[in-house]
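Notes to accompany the following structure.
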Amino acid sequence: MKNSRIAGLGHYVPSRVVTNQELETMMETTDAWITERTGIKERHWANVPEESTSYMGAQAAKAALIQAGIPEGEVDCVIFATLSSDYFFPGAACTLQPHMNFSGNIPAYDIRMQCSGFVYGLQMADAFIKSGMYSRILLIGAEVQSTSLNKSTAGRDTAVIFGDGAGAAVIIPTDDPDNGILAHAVHAEGKYAKELWCEGPSPLDNPRVKPVLDDVNRYYPYMNGRYVFKHAVTRFPEVLKETLDKIGKTPADLDWFIPHQANLRITEAVGQGLGLSPEKVISNIHKYGNTTAASIPIAWSEAISDGRIKRGDLIGLAAFGAGFTWGSAVIRF
Ligand code: COA
């Protein structure tokens, strides 16, 4: 049975940078509050409709394929993780295709696991490779969050946190059992769905389309921030250790830990709890905010570009998000 390895990574973020100071002009908030509670200084907002989720995903995918040295025409499967598809249906894995030069009508899978989407996608890609079903898999995490946020004071707890962007990985087989995706674990606990969610639009509304919105708040994301925080700081280390255990390793064996970029306080607490030195923990939330399914591949791709992460490094990933969902993967890059 083949192992699967990461042949290349890429990322794309919109050019528009929105600083905390700019948010101060839209809502009652301060740079000091946002920096202290989240570590975020700025984020990128997409220029829609041009910079859609599928368009940004395609730009990240093209960069990942260039790094992998694999032509677009060789891709045989797309897995797209996002909570912000361009449309209610079809999903972004399909609307990506007109932006790409794929050869033939390759299959397109959408996964909706929010901040854990990229890790869920890695597990799925690994299973596809091991089964022999596909051998050139494009895994994308991309989000346009900025257009869904309530940018008034009423929405400030979520509006300051989320940002837009895309990251992608190319996953291929290898005969080397010690290289590539070595272990993974994913979980979900749906009883907490309403602690971090966006209720509308919903097929439970009858009729779904109404001439006048009766409660506009149902169309904005809702987050029970403290509750999410408490669960995240427990689940991140728990699932990373679960994954490392499967291959007889410990956090001390990792060269790098790339957590989903949820909040700098969560990242720092988890890193300390795992006994990792801060230099081993990748954090770029100050520049991008929380880009949900895109956050891990953006952080990973950036750390390759600036020379921190090198081939052969042992990397631990962990994510937690809406659902609740969480997961981890350990990769010999
Ligand atoms: N600017 C200024 N004040 C704000 C604010 C903002 N952007 N957002 C909230 N506040 C206010 C609240 O209204 C509240 O005021 P009150 O005391 O008068 O009621 C006060 O700040 C404290 O709010 P609270 O929600 O208790 O703050 P917190 O310390 O829990 O921090 C989060 C809020 C959202 C930063 C924090 O809960 C968090 O990071 N949670 C996890 C979020 C996350 O990671 N989500 C993604 C998961 S994948």
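Read the figures in this text as sums done on the coordinates, not as results from a lab. What you are looking at is a predicted structure, and each value in this text was computed from that prediction instead of being measured. Here the Cβ positions follow ideal geometry from the backbone for every residue, glycine too, while neighbour counts run over all protein chains shown.
Numerical summary
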| quantity | calculated |
| --- | --- |
| Matching residues in the range 189-205 - criterion: being part of a loop (DSSP other than H, G, I, E, B) and either crowded, with 16+ Cβ neighbours inside 10 Å or more than 20 Å from the chain's Cα centre (by Cα) (or both) | C198, E199, G200, P201, S202, P203, L204, D205 |
| Pairs with Cβ under 6 Å, 6+ apart, first in the range 146-160 and touching a residue at least 24 places away in the same chain (Cβ under 8 Å) and near the ligand (Cβ under 8 Å from one of its atoms), second in a helix (DSSP H, G or I) and of a type in the set (V, I, T) | V160/I34 |
| The range 43-58, residues that are crowded, with 18+ Cβ neighbours inside 10 Å and not hydroxyl-bearing (S, T, Y) | R43, H44, W45, A46, E51, M56, G57, A58 |
| Hits in the range 94-150 - residues which are among the basic types (K, R) and either farther than 29 Å from E189 by Cβ or surrounded by 24 or more Cβ atoms within 10 Å (Cβ to Cβ) (or both) | R136 |
| Answer residue from the range 161-188, given it is of a type outside the set (V, I, T), assigned to a loop (DSSP other than H, G, I, E, B) and within 21 Å of T53 (Cα to Cα) and is farthest from the ligand (Cβ to nearest atom) among those | D164 |
| Condition check for I309: surrounded by fewer than 22 Cβ atoms within 10 Å (Cβ to Cβ) and under 18 Å from the mean Cα position of the chain (by Cα) | no |
| Given (1) of a type outside the set (D, E); (2) surrounded by fewer than 24 Cβ atoms within 10 Å (Cβ to Cβ); (3) closer than 27 Å to L182 by Cβ; (4) out of contact with any Pro (no Cβ under 7 Å at 6 or more places or on another chain), index of the condition C77 fails | (4) |
